[in-house]
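Every number in this text was worked out from the coordinates using simple rules, so none of it is lab data. Note that this is a predicted model, so its numbers are computed, not measured. FYI the Cβ positions are ideal-geometry reconstructions off the backbone, even for glycines, and counts take in every protein chain you see.
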Amino acid sequence: MTDGQTLVLASGSPRRLALLEQIGVVPDHLAPSDVDETPAEGESPHALAQRLARMKADDAYERARADKEVGTAYILAADTVVAVGRRVLPKAESLSDAEECLDLLSGRGHRVYTGVTLISPRGKLRQKTVETRVRFKRLSRQETEAYLASGEWKGKAGGYAIQGIAAAFVAKLVGSYSNVVGLPLFETAALLTGEGYPVLGGWTPGTRETSAAPTEIASKDAAG
């Protein structure tokens, strides 16, 4: 907690936690949400990222309000979508998923969208969707097979993690790097600061080292 302000991150992603910590923000609670991420018919990747972030924020907001130990808090949610044109790539859960993604990304450009939603303690909603353009080199069969063997693709949107080995595949990037990792830091900090969350409070030497690890808020089903 920073200066008496409680922050709930609607995610259990280690990447998003690490990104927030990079700018001195440590959530007090986590509320990972298991929303249906299936795109609606005709829905654009941009709209999908924004909608899913809003759904995650709404879910975390309800859970926080129902938890007596949390109550009123800032709710921060995000969702990242990787797309080639209007085609949304899956979060790779199998070798075949990852291989299909890499074959599609090889030698061409794609876009990464992250929707960010913030609900203030007063219930005010603010949203931002950030786009980054990425181009991969043409991958050899050996490179693809080696990356698949690394296992870094597991659970990653588009079948790759730019902060890992796949950085060697990126020939060009236009926009926010942290957006591709999973959370656009400039825009997130601006949203938090704009609603009064003391981002700068975490910049004092030693603050991050003394902050308690965030606790997870029970799901509505578990709580009920």
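Projected onto the charge dipole of segment 7-223 (+1 at Lys/Arg Cβ, -1 at Asp/Glu Cβ, origin at the Cα centre), which of ALA149, SER44, SER33 gives the Cα projection farthest towards the positive end?
So the residue we want is SER44.
Can you count the Lys pairs in the chain whose Cα atoms are under 16 Å apart, with each pair 8 or more apart or on different chains?
Going through the chain pair by pair, I get 7.
Projecting each Cα onto the charge dipole of segment 1-141 (Lys/Arg +1, Asp/Glu -1 at the beta carbon, about the Cα centre), which of SER120, GLY109, ALA64 comes out farthest on the positive side?
Working it through, the farthest residue towards the positive pole turns out to be GLY109.
Which order do the peptides 167-175, 18-26 come out in when sorted by mean C-beta neighbours inside 10 angstrom, highest first?
18-26, 167-175
Dipole of the chain, Cα-centred, from +1 at each Lys and Arg C-beta and -1 at each Asp and Glu C-beta, to the nearest 20 debye?
Here the chain has a charge dipole of around 820 debye.
Given Cβ point charges of +1 (Lys, Arg) and -1 (Asp, Glu) and nothing else, what value in debye, to the nearest 20, does the dipole of segment 1-98 about its Cα centre take?
Magnitude of the dipole: close to 240 debye.
Over the residues of the chain, compute the C-alpha Rg and express it relative to 2.2 N^0.38 Å.
1.04
First check a/c for segment 14-71, with a ≥ b ≥ c the square roots of the eigenvalues of its C-alpha gyration tensor; if it is under 1.5, answer rounded, and if not, answer prolate when a/b is larger than b/c or oblate otherwise.
oblate
List, in order, the whole-Hz ³J(HN,Hα) value for each residue of segment 100-114 obtained from phi through the Karplus relation with A = 6.51, B = -1.76, C = 1.60 and θ = phi - 60°; use x for Gly and Pro.
Computed from phi, the couplings for segment 100-114 are 4, 4, 5, 4, 6, 7, 4, x, 9, x, 8, 10, 10, 10, 10 Hz.
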